[in-house]
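Q: Below is the structure I would like to discuss, written out as structure tokens.
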Amino acid sequence: MNFLKRTVPLIIAFVMGVLMAMQYYVPHKLSQDLLEVVSRWDRIIAGFAVFIGAYSLFHLHWTRIKRKVEGWGYSVFVYFGAIITLIFGFLNGGKFFWNDKQEGTMFDWLYSYVQVPAGATIFSILAFFIASAAYRTFRARTNESTVLLIAAVIVMLGRVPIGNYISHYIPAVADWIMAVPNLAAKRGILLGVSLGAIATSLKIILGIERSYLGGGD
Amino acid sequence: MRKDSNFFILVGTIGLFVCINIFLMASGKLPFSFDGFGIILGAGLTLAIYSFLYKDNPAFKIVENLYVGVSLGYTIIITWFNFLKPDLYDPLIVPMFSKATTKAPQYALIIPSLLGLFMLLRFSRKLSWLSRWTFAFVVGLGAGVSIPRVISSFILEQIKPSLHPVFSGGETIFSSINTLLIMLGVISVLIYFIFSVEHKGAIGKVSKIGIWFLMISFGASFGYTVMGRLSLLIGRIQFLLKDWLGILQ
């Protein structure tokens, strides 16, 4: 039983890892077909994974409602929003979910007038929190923090008309910061992250990294 | 007393919102249609979320939870129409059970379906170990796919422009200086991230330069993020003033 529980997953990870790494270097139609088939399988599995997320969220809010914890009434709106969207989504404008997705349905209406405005507003509200956090934490205490502060101010001013109004050089300096020092630092970080990603991938394929198996037997 | 005043503020705001919308519809500024009601709903949600800037309140919490629910429903429906239906239902289930289609079922798709079902067994105490097969498949596939592509796209393609000749003919002195600065920045940042060597002497000085480059980059990223969020804020205010109230033309 231990073979099925522990060894088989390691074999699957090893075979898939080696196969897909080799696939990149084989410019044959069979190799391309393999990538296409496996990518499709991955999409199907990802589709099932959505249901795990949905179950977790529904379970969390159902527990809140059942135990009547403080603010449980708000959890009802999670169910309300999800059920309404699912009903209109599966109704598919009267053509039902087994047909191709129809345009201009109530599901699209919900997307346009609930999902988009609420999402954009929640993200835009972060502008206030970022500004308030920056006001409280940004202090030119050291040379490094002063450099960070100056770069941030120049980039912000360079993106709005007032920056150009103060000086014609501000937008040009902002562009230079983005294109030269920012690019250099990002490239350095990216190279480090890439080497780390390759090392982790190799550890997974070779069975050294096993945390994805989880605990237990 | 304080609770009462909060309640009256909430009811008063909702009442004002209703009155404004009745006026907008009666005056013809908003069409009496699904789109018109959609704009009212969008405006209501926007104002409810911005009310959090005053303080945490029931209107914000309701919209926050509603948004989570709608997003979840949207994700499930889009997953069905974009992934499960075209990749699984149409090529496997339909030909298996429908006599109208002439296409043969793609039985190979039973494998990912089983792997997907195994993943759902995560919630079973006795059979949760089967979900490891699915995770191993996905993780192994991701690891294998990423190695050559990361080497190609993120290492070789990033090193190539960093090693660009300083003087290859035709460029200005400024672009040559920029090329040198980029090379200096990349090398100094990489040296800063080498923690197996003590940052003393020459290494310490170069890593200090790396810190300066990183600070400029963090500042630039911060400024860029703030401006991105502000453009979203401008978009929402435009929606309220133009689409909803019709003040801006």
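Q: Could you list, in sequence order, the residues of region B:154-174 that are surrounded by 13 or more Cβ atoms within 10 Å (Cβ to Cβ) and within 10 Å of another protein chain (Cβ to nearest Cβ)?
A: Passing the criteria: B:Phe154, B:Ile155, B:Gln158, B:Pro161, B:Ser162.
Q: Same structure, new question: Are any of the residues in region A:26-45 touching a residue at least 40 places away in the same chain (Cβ under 8 Å), within 7 Å of another protein chain (Cβ to nearest Cβ) and touching a Phe, Trp or Tyr at 6+ places or on another chain (Cβ under 9 Å)?
A: The answer is no, given that none of the residues of region A:26-45 is touching a residue at least 40 places away in the same chain (Cβ under 8 Å), within 7 Å of another protein chain (Cβ to nearest Cβ) and touching a Phe, Trp or Tyr at 6+ places or on another chain (Cβ under 9 Å).
Q: Follow-up. Where in region B:57-143 are there helices (runs of 4 or more DSSP H), lying fully within it, with 1 or more residues that are polar (S, T, N, Q), within 26 Å of the chain's Cα centre (by Cα) and surrounded by fewer than 21 Cβ atoms within 10 Å (Cβ to Cβ)?
A: B:58-79
Q: Which number in (1) in a helix (DSSP H, G or I); (2) more than 7 Å from every other protein chain (Cβ to nearest Cβ); (3) under 27 Å from the mean Cα position of the chain (by Cα) marks the one condition that A:Ser145 misses?
A: Going through (1) in a helix (DSSP H, G or I); (2) more than 7 Å from every other protein chain (Cβ to nearest Cβ); (3) under 27 Å from the mean Cα position of the chain (by Cα) one by one, A:Ser145 breaks only (3).
Q: Of everything in region A:99-122, what is part of a helix (DSSP H, G or I) and hydroxyl-bearing (Ser, Thr, Tyr)? Give them in sequence order. Explain how you work it out, then say what you get.
A: We begin by selecting, within region A:99-122, every residue part of a helix (DSSP H, G or I); these are A:106-122.
Listed by number, the residues that qualify are A:Tyr111, A:Ser112, A:Tyr113, A:Thr121.
Q: Among what's in region A:33-87 and is exposed (fewer than 13 other Cβ atoms within 10 Å of the Cβ) and of a type in the set (D, E, K, R), pick the residue that is farthest from B:Lys85 (Cα to Cα).
A: A:Glu70
Q: Would you pick out the residues in region B:211-238 that are more than 7 Å from chain A (Cβ to nearest Cβ) and either in contact with a helix residue (DSSP H, G or I) (Cβ under 6 Å, 6 or more places away or on another chain) or of a type in the set (A, V, I, L, M, F, W, C) (or both)?
A: Hits for region B:211-238 are B:Ile234, B:Ile237.
Q: Name the residue, out of B:Gly204, B:Gly228, that is more than 31 Å from the chain's Cα centre (by Cα) and over 15 Å from A:Ile189 (Cα atoms). Write out each step before concluding.
A: Working: B:Gly228 fails: more than 31 Å from the chain's Cα centre (by Cα).
None of the other options fit; the residue is B:Gly204.
Values quoted throughout were computed directly from the atomic coordinates according to the rules given, and no laboratory measurement underlies them. Because the structure is a prediction, the values reported are computed rather than measured. Using ideal geometry, Cβ is built from the backbone for each residue, glycine included, and neighbour counts are taken over all protein chains shown.
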